[in-house]
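Below is one structure, written out as structure tokens; the observations come after it.
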Amino acid sequence: MAERQKLYEGKAKIIYATNDPDVLISYFKDDATAFNAQKRGQIADKGIVNCKVATHLFQLLESQGVATHWIETPSEREMRVRAVKIIPLEVVVRNLAAGSLCKQTGLALGTVIAPPLVEFYYKDDALGDPLLTRDRIRIMDIADEAQINELIRLAEEINTILQTFFQRCQITLVDFKLEFGLDQANNILLADEISPDTCRLWDQAKSDQADRVLDKDRFRQDLGQVAEAYQEVLQRILAQFNRK
């Protein structure tokens, strides 16, 4: 079997070419990073868990009319995805105050944000992924006004779907990061992944600020039992899908 051509390796995934230029393979790694990769480590079976979680959430969103890059999941660590030109923005949706929002604004952890806040961050490690305004996005020629509006609309729609789903899992969706890309026809597709790596998820059955965390904050904050938290999220998601 010929060695696959690696196109890109990021912090959490490796992207490989296929025989079809419109289709890529996304391989999920166990590597974990935080604080702009200043903290590094590994989480046991993280790649397997995140691939499964993202697969099920992409399927959920597709069933609700949200176009994604997901095609199929041929193995436990790999997705076949549509090739897209990634828009270099992290689109962050915040339902409760946490993380950098608390540090930068003084809002108390867990403050309800209504309506939810949609923010844009420039995907550039050298610049520290800075927060961008709509005007900065335009003058940097990252996206035009119509695309910015569509990204906000999609983010809000995805948030509504995911909040409802995670509520059934007895998990609070605190905030999450989305990435989007343009296909050959210039359509905006949801890309990357949705997983405990990219979401803040709190167990509704627990009130302790540390115990309730079911996401990468366990790694960021050295809370321990990181792999167990990821597995718990996966099992709750699978339980909901099995009820259908």
Of all chymotrypsin sites (Phe, Trp or Tyr not before Pro) in segment 149-244, the ones in DSSP coil with at most 10 other Cβ atoms within 10 Å are none
Cβ charges +1 (Lys, Arg) and -1 (Asp, Glu), total dipole of the chain, debye: 440
Kindly flag which residue pairs out of Lys13/Lys177; Lys6/Lys39; Lys85/Lys216 have an alpha-carbon separation exceeding 22 Å in this structure. Lys6/Lys39; Lys85/Lys216
Just checking my list [x] 55, 21, 13; [y] 36, 19, 15; [z] 25, 23, 18 against semi-axes √(5λ) of the Cα gyration tensor in Å computed from this structure; which label fits? [z]
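Where a number appears in this text, it was derived from the coordinates with a stated rule and is not lab data. In this text, all values refer to a predicted model and were calculated from it rather than measured experimentally. Note that each Cβ is placed from the backbone with ideal geometry, even for glycine, and that neighbours are counted across all protein chains shown.
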